[in-house]
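Read the structure below first, then the notes.
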Amino acid sequence: ELPGFYYDAEKNRYFRLLPGHNNYNPLTKESIQYKAMERERLRLLEEEEKQKKKTTRAGLNSSMLLQKRQLGLLSSTTYSRLVHELKVNCMRRRKIEIHSPNPLVAGTNNFKIIVADAACERIFTVNDVEYGECKYGIINLSGLGKESPTVKMYDNLYFTNRKVLQKSLFSLTHVIKLCLMGIAETPGCASLLPESLFSSTNPGDRLGMLCRFTISTGWSCAWCLNPQVDTCFSTGLTRRVLVTNVVTGHQQTFGSSSDVLAQQFATQTPMLYNGCRSGEIFSIDVRQRSRKGQSWKATRLFHDSAVTSVRLLEAEHYLMAADMAGKIKLWDLRTTKCVKQYKGHHNEYALLPLHVNEEEGLLAAVGQDCYTRIWSLQDAHLLRTIPSPHPSSKDAIPSVVFSSRLGGSRGVPGLLMAVKQDLYHFSYN
């Protein structure tokens, strides 16, 4: 790179960046880079359209893989990865029609975040509305298996002028727990909302907010699924962790040397795992009383950049973590060592989640470049890169949900993607 110049790959030469009228120059390195990324995105979308009736590559089909496996030509690891690659690359994009009891609601606001409930029968949504506000909604996924997929969206009556940063959804108790980050002039708040707020029947029977309290700037939240402490949730704040008991209202604070950007509770042990801006990951036993100092920290792991997401695997011997350097690492909690790295993720400063599906053996993550990437959990091989249907921008980063049963126990496996005002379904073909 030369200061004041840009390189044109097609013409194979450098050009000077000259100021135009009133020292305004529309040609900048950022705009040149954006145009190159947009050309690449359109090229990938065109390739996907051409490959609708083709396999991913020559020789990669289910009957050939099975035959090679039976002949002993493929190891179990290679066979598993190729089957996952075959299924993932056969997913085709279809746009979903959104219906709503209120016809003025559906498809009028940009999706900000989507999260599936425990059974993957519904997704909870956060949508941007005018004047910097957000609204919450629930989408019923029962219509995904139809020829032309349709879903039903129900909105609640509450709006918030605070930007929703993260949320945790727990369907078995029929409550939704939200961690909200306040705008610059106001503090944040944590809210616990009942599912009845989103019901379309008997509006007179709807409960109000179950719990709401003001906090300092909130970065993350997590609901505890461990049966020993299943009435607790946690919020990651500026240099501290706040654990709240919903039933008793009791709160305890654990100090930290850095902002807590990501959290997840274990289900087999009453442990809370936290990822910090400093790159540290530490665990807390929520049964103990908070103490001064750092003696209460159990497991401690370290990244070179701010940790944006932590995900425990099912056996809870391994923890997946992503950071703002674009690195995704799999940690063995027994030896506190990194055992795998998943390469290709792009992130510089955004809080981007990880989506782990052990049943399918897949890891999915959306990068800051708006590409959705899917890896094999077993050998960290990048199986597919999905371009966004919309042009890349900071306010158009897709939010995704991946499940083997979208829509319930007899649901359709695949990926659900929300971008701008649109909802897309990538189902196994």
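The values are calculated or read from the model by the stated rules, or taken from the named source; none is laboratory data. Since the structure is predicted, the reported quantities are computational estimates derived from the model, not experimental observations. All Cβ positions, glycine included, derive from the backbone under ideal geometry; neighbour counts span all protein chains shown. Note: accessible area is taken over every heavy atom of the protein model, side chains too, but ligands, DNA and RNA are not part of it. Shrake-Rupley method; radii C 1.70, N 1.55, O 1.52, S 1.80 Å.
The table for this structure:
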| item | result |
| --- | --- |
| Under Karplus coefficients 6.51, -1.76 and 1.60, residue-wise ³J(HN,Hα) of region 367-373 in Hz, glycine/proline x | x, 5, 7, 6, 9, 9, 10 |
| Simple label model, 7 Å out from Cα along Cβ direction - Thr231 to Thr336, nm | 3.4 nm |
| Order by protection proxy (mean Cβ within 10 Å, highest first), peptides 416-423, 281-288 | 416-423, 281-288 |
| Spacing of the two label points (7 Å from each Cα toward its C-beta) at Ala9 and Ser216, in nm | 4.6 nm |
| Burial order of peptide ranges 382-394, 319-331, 335-347, 298-310 (average beta-carbon count within 10 Å, highest first) | 319-331, 298-310, 382-394, 335-347 |
| Distance violations [Cα-Cα > 21 Å] among Lys297/Lys343; Lys112/Lys394; Lys112/Lys152; Lys50/Lys95 | Lys297/Lys343 |
| Å² per residue, accessible surface of region 272-365 at 1.4 Å | 45 Å² |
| Accessible surface of region 246-307 [probe 1.4 Å, protein heavy atoms]: carbon and sulfur percent | 46 percent |
